[in-house]
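Working notes for the structure below.
The values are calculated or read from the model by the stated rules, or taken from the named source; none is laboratory data. Source: prediction; values computed, not measured. A quick note on method: Cβ atoms are made from the backbone with ideal geometry, for glycine too, and the neighbour counts reach across all protein chains shown.
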Number of protein chains: 2
Amino acid sequence: MARRRTPRKPRTSGITQRPFAELHNPLRPVELISADQVEAIHHASLRVLRDIGLKVDSAVARQLLGDIGANVDADSHIVRFDPAQIEEMITGIPSEFTIHARNPAKTVTVGGNSLTFATVCGPSFVSDLDRGRRAGTLQDMQDFVKLSASLNVFHHEGGAGCEPLELPPETRHLDMMLAQTTLCDKGWQPCWMNTAERARDCIEMARIALQVSEDELRQRPGILGGINTNSPLLLDDGQAEAMIEFARAGQPVHITPFTLAGAMAPATVGGALVQQNAEALAGVVLGQAACRGAPVFYGHFTSNVDMKTGSPAFGTPEYAQSVMVSGQMARRYGLPIRSSNTTGAACVDAQAAYESDMSINACIQGHINVMMHAGGWLEGGLTCSFEKLILDAELLQLQSALLDPIDLSDAAIGLDAMAEAGPGGHFFGTAHTLERYEDAFYSPILSDWRNFETWQDDGARTATQRANGIWKQLLRDYEKPPIDPGVEEELEAYVAKRKREIRPGS
Amino acid sequence: MARRRTPRKPRTSGITQRPFAELHNPLRPVELISADQVEAIHHASLRVLRDIGLKVDSAVARQLLGDIGANVDADSHIVRFDPAQIEEMITGIPSEFTIHARNPAKTVTVGGNSLTFATVCGPSFVSDLDRGRRAGTLQDMQDFVKLSASLNVFHHEGGAGCEPLELPPETRHLDMMLAQTTLCDKGWQPCWMNTAERARDCIEMARIALQVSEDELRQRPGILGGINTNSPLLLDDGQAEAMIEFARAGQPVHITPFTLAGAMAPATVGGALVQQNAEALAGVVLGQAACRGAPVFYGHFTSNVDMKTGSPAFGTPEYAQSVMVSGQMARRYGLPIRSSNTTGAACVDAQAAYESDMSINACIQGHINVMMHAGGWLEGGLTCSFEKLILDAELLQLQSALLDPIDLSDAAIGLDAMAEAGPGGHFFGTAHTLERYEDAFYSPILSDWRNFETWQDDGARTATQRANGIWKQLLRDYEKPPIDPGVEEELEAYVAKRKREIRPGS
């Protein structure tokens, strides 16, 4: 339910949106499996960690896990866990945290029944109807961040859209975070969490953006990070150490197993969920070993591969089931949870819409706190699409509006209007309607409800073609959110300094 | 949850589908409003019927309502109801009924947590990618009925798709029902419920198709009908009398108010729901006045008009809210409920997908027993689309699969497979995967998960373009379900006789 509901304001372009607002789901979460089944998954995953164990590439991480009593095999780097030790380590973790945005009006709290939508991160490709699918560039990345800033339904800039592939990979993360911190005033999530050094850059740029000390940042987190395991049962050194940095700095971080059933996990939803749970728990334990009480939380990405083609399938029944069960697991541990808005579609068509909608519905019904890739993800996450971003904004706005309370006051019901219209009459002209005319119903970003002839005469454009016009209009209308010039200079100086350090010869 | 789950069988075309199966939703229905609010809607609607009343055009219906003590104004034809009388009349109505299909394997029970999906009825236009949007013809109607028969996810032939506009309107219903009863062996729902005479034709053709007596048909219903009110608060004579015929023949019939908020109902969801409830209750009371204990049930169609264009809006947050609250109202009365899969989109694009998906999700979460227009509805119901039928089949199959139980047996979880794959390994070759290879995951009708390059090399077809190929393939593969030649002759003879009676000169 939107906490703050104010009238919709048209932007200068005439593109109407609901206002930015924290979102809470007032409905009870769907419980797809029984409490006993939740315990069965929990105990099976403890057996995995006891009997098979997790391979941990990072010596730092192995040391931390050894220190808390895990069984570390020095040769194989496999770490095995005593179930009682896991049970003990997963207590006392915050069930809620706040990500402070540069604009305090865009600060959001994560946990309980809160829903946070973040734009896509990770794709190397970018696409739009005009230029097709191509390698991402700095310009595309900056445009995507601007659109993330402009679309109210997204609570977080989720990772700067596409990679700017023309820039050096060693320092690309700095350019992306500079865009995120200066072109957008929302909370943000970094894309590059694959070394301790890059994680420290994330944290430092959050500190600068918010103009706080390290201690203050620890008390009032300013960035939300996440890592993946290399499923099955492998945690690479860079991701482990990035997570350790986040935990020590008090910045929320999720551990998200990459459990595609049939390839990186057993070819069943149940098996993949057990393995996901095992890997997530091991990651949470590592985070706690690094800093007890740090806001480390539960990540979901479980889907399956299509056994015919080997391609990952997203937005499927198995995906939706695994989202909702993962929500149950996270609640069992009292942890917030992330998942994603996914599709395997190759273009922005009906399939992209229904797979994303399936994902979004599962996330909302399952009380997923952080929906990553909520806007712009296409083609299994390989491509960041501008038209998909607009489509997703509509899908998410629709779901947000669905959670609005229904006004059942006498004034809203309007028995007087029914008497005024009378049997066989109409309501267009009743006082009740005239009072509510402008703001009575959901106002779409993308949907076109004009009659067929009008729609046809206006070019017979599909939703995807209309989305193309909308993102371009939003870019034309974009106004950079206010930022203290001193803060911007400090961020730029940090990026310049780090580029010199990382690539001294360049 | 699918009661019977058998392996998917590819059709000769290679188009794989889940088998025909009754569907039950094992999850608890979403309660969008409180029990107190449900009572508030109930009592407000009783006040509407007491103070404003319903205009009833039919003298037969007014007589029946007068006989049970309603206050009938002889001049205005407005009927007002004592709340206690309504409370008394809405008891003792069946909360569940069975529609017996010509093929007993396709008989379904309606009520409780059952979900029945029926194809579209009502459109005058038909469309496909090859021929565009055009007036419906006999050939289109027959093709649509064949596809309804071929797509397992649809439980009922819902109304023969489009009108065959080249045929005389007086006898068109006979041609449509002949197609429904002979080209399809599923349960069916007639499109033309606007006179008592046509209703009797429906019932008689159901009786012939099932080869039962009138009394046997009453005990084992063979057709599911429905009428609309002419909102606000008007019941026309033809629909009222058609409903009376159904009630007297013991055939299930729903009363569905046409409450588009802002035009035919107050410009609020709450007001439209109260008015819908009032009109539905009045209709149910009339059905009980005609035949106490007849299976008369609750209909939902409430949506809103777009106040900017005056066009109806479908698949919106308001629509979804009204679906779920209507489910609550029907459960309060212990009645089955119908709703619809709707969209206002003008073509089969992402909007058509997400609006339909929003509708379908609301229906499933709200435990809507009969989803009318579940396949093929486009453009606010003006057009029956062949590509939309395929899209809807996929959307419904996805939702059906989501309700499958998750196997959490030890065998399914496969700790042995995790040990076999080991950290960093893969599951493709494990015994666990090989055992499950063919039937492990959801197999789509329409979705394409191939990688971008393969998809592009194969023509870069959107889901809508692929749907075009699928319905044509299904038509090529169509095999007429077995029918006793004598039964078919009897149906044809009835149609011929009635045509001579209705249009004696032709």
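Tabulated values for the structure
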read-out	value
Yes/no for residue A:353 being closer than 30 Å to residue A:466 by Cα, outside any strand (DSSP E or B) and not acidic (Asp, Glu)	yes
Residues located in segment B:222-267, provided they are assigned to a strand (DSSP E or B) and either within 14 Å of another protein chain (Cβ to nearest Cβ) or over 22 Å from the mean Cα position of the chain (by Cα) (or both)	B:228, B:234, B:235, B:260, B:261, B:265
Scope segment A:112-152; condition surrounded by fewer than 23 Cβ atoms within 10 Å (Cβ to Cβ), in contact with a Lys or Arg (Cβ under 7 Å, 6 or more places away or on another chain) and within 14 Å of chain B (Cβ to nearest Cβ); matching residues	A:125
In segment B:381-398, residue surrounded by the most Cβ atoms within 10 Å (Cβ to Cβ) [restricted to those that are within 8 Å of chain A (Cβ to nearest Cβ) and under 20 Å from residue B:316 (Cβ atoms)]	B:391
Exclusive hit being touching a helix residue (DSSP H, G or I) at 6+ places or on another chain (Cβ under 8 Å) and either at pLDDT 95 or above or not hydroxyl-bearing (Ser, Thr, Tyr) (or both), set A:457, A:477	A:477
Count of residues meeting criterion [in a loop (DSSP other than H, G, I, E, B) and closer than 27 Å to residue A:232 by Cβ] in segment B:384-438	16
Members of segment A:420-438 found to be facing chain B (nearest Cβ under 7 Å) and touching an Asp or Glu at 6+ places or on another chain (Cβ under 7 Å), listed by number	A:432
In segment B:453-468, the residues that are more than 33 Å from the chain's Cα centre (by Cα) and in a helix (DSSP H, G or I)	B:453, B:454, B:455, B:456, B:457
Matching residues in segment A:206-221 - criterion: being out of contact with any Leu (no Cβ under 6 Å at 6 or more places or on another chain), assigned to a helix (DSSP H, G or I) and touching a residue at least 24 places away in the same chain (Cβ under 8 Å)	A:206, A:209, A:210, A:214, A:217, A:218, A:219
Any helices (runs of 4 or more DSSP H) falling wholly within segment A:20-102 and containing at least 1 residues that are farther than 21 Å from residue A:337 by Cβ and within 11 Å of another protein chain (Cβ to nearest Cβ)	A:35-47
Conditions (1) at the interface with chain B (Cβ under 8 Å from one of its Cβ atoms); (2) in contact (Cβ under 8 Å) with a residue 60 or more places away in the chain; (3) under 16 Å from the mean Cα position of the chain (by Cα); number of the one not met by residue A:368	(1)
Pick from segment B:403-419, criterion surrounded by fewer than 22 Cβ atoms within 10 Å (Cβ to Cβ), aliphatic (A, V, I, L, M) and within 7 Å of chain A (Cβ to nearest Cβ), ranking: farthest from residue B:145 (Cα to Cα)	B:419
Selection from segment B:74-85 of residues that are under 21 Å from residue B:236 (Cβ atoms) and in contact (Cβ under 8 Å) with a residue 12 or more places away in the chain	B:76, B:77, B:78, B:79, B:80, B:81
Count of residues meeting criterion [surrounded by 24 or more Cβ atoms within 10 Å (Cβ to Cβ), within 23 Å of residue A:434 (Cα to Cα) and hydrophobic (A, V, I, L, M, F, W, C)] in segment B:303-360	2
Failed item in (1) buried (at least 24 other Cβ atoms within 10 Å of the Cβ); (2) farther than 24 Å from residue A:391 by Cβ, with residue B:292 passing the rest	(1)
Per-region count, segment B:484-504, residues in a helix (DSSP H, G or I) and in contact (Cβ under 8 Å) with a residue 40 or more places away in the chain	10
Subset of segment A:439-452 [assigned to a helix (DSSP H, G or I) and more than 8 Å from chain B (Cβ to nearest Cβ)]	A:439
Positions within segment B:181-229 being buried (at least 18 other Cβ atoms within 10 Å of the Cβ) and polar (S, T, N, Q), in sequence order	B:181, B:182, B:189, B:228, B:229
Residue A:378 being buried (at least 24 other Cβ atoms within 10 Å of the Cβ) and either under 15 Å from residue B:355 (Cα atoms) or in contact with a Gly (Cβ under 6 Å, 6 or more places away or on another chain) (or both)	no
Residue B:360 of a type outside the set (S, T, N, Q), at the interface with chain A (Cβ under 10 Å from one of its Cβ atoms) and within 17 Å of the chain's Cα centre (by Cα)	yes
Residues of segment A:109-135 satisfying the condition of being small (Gly, Ala, Ser) and assigned to a loop (DSSP other than H, G, I, E, B)	A:112, A:122, A:124
Condition check for residue A:346: facing another protein chain (nearest Cβ under 7 Å), among the hydrophobic types (A, V, I, L, M, F, W, C), within 24 Å of residue A:136 (Cα to Cα) and assigned to a helix (DSSP H, G or I)	no
Filter result for residue A:481 (free of Cβ contacts under 8 Å to residues at least 12 places away in the same chain, away from chain B (no Cβ under 14 Å) and not hydroxyl-bearing (Ser, Thr, Tyr))	no
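This table checks each residue for (1) closer than 23 Å to residue B:208 by Cα; (2) of a type outside the set (A, V, I, L, M, F, W, C).
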| site | (1), (2) |
| --- | --- |
| B:94 | no, yes |
| B:105 | yes, no |
| B:113 | no, yes |
| B:140 | no, yes |
| B:145 | yes, no |
| B:155 | yes, yes |
